[in-house]
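The values are calculated or read from the model by the stated rules, or taken from the named source; none is laboratory data. Predicted model, so just to flag it, every value in this text is computed and none were measured. With ideal geometry, Cβ positions are generated from the backbone for all residues, glycine too; neighbour counts draw on all protein chains shown.
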Amino acid sequence: MSFFACDLTVGAMQDVASAKGIEKKLASLSSELQKLKDASENDDKELKLAQQHLQEINAGLSKNEDGAYASLNDQLMGKT
């Protein structure tokens, strides 16, 4: 094998090793991205529930722990 062919073989092996490293990093980043997307979706759901609850409170339609409707004044006075 000539020196040039040896150089190409070594270069190809380095390229393969580099590609494997990049694939591993990409898999790690993809996993992290999915975790962040899942957390974001959960946060969005929680935000919507909190906004809905706030609207119910402002409209006097919020329920206390017993399931009875409590007015905003009752909630502020701790009568829920």
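Looking at region 28-63 only, could you name the residues that are closer than 30 Å to Leu76 by Cα and either of a type in the set (Asp, Glu) or touching a residue at least 60 places away in the same chain (Cβ under 8 Å) (or both)?
Correct list: Asp43, Asp44, Glu46, Glu56.
Regarding Ser18, is this residue farther than 30 Å from Leu76 by Cα, in a helix (DSSP H, G or I), under 17 Å from the mean Cα position of the chain (by Cα) and not charged (D, E, K, R)?
Answer is no for this residue.
In the list Gln52, Gln75, which residue meets the criterion of being at pLDDT 85 or above, part of a helix (DSSP H, G or I) and either out of contact with any Gly (no Cβ under 9 Å at 6 or more places or on another chain) or aliphatic (A, V, I, L, M) (or both)?
Going through Gln52, Gln75 in turn, just one is at pLDDT 85 or above, part of a helix (DSSP H, G or I) and either out of contact with any Gly (no Cβ under 9 Å at 6 or more places or on another chain) or aliphatic (A, V, I, L, M) (or both): Gln52.
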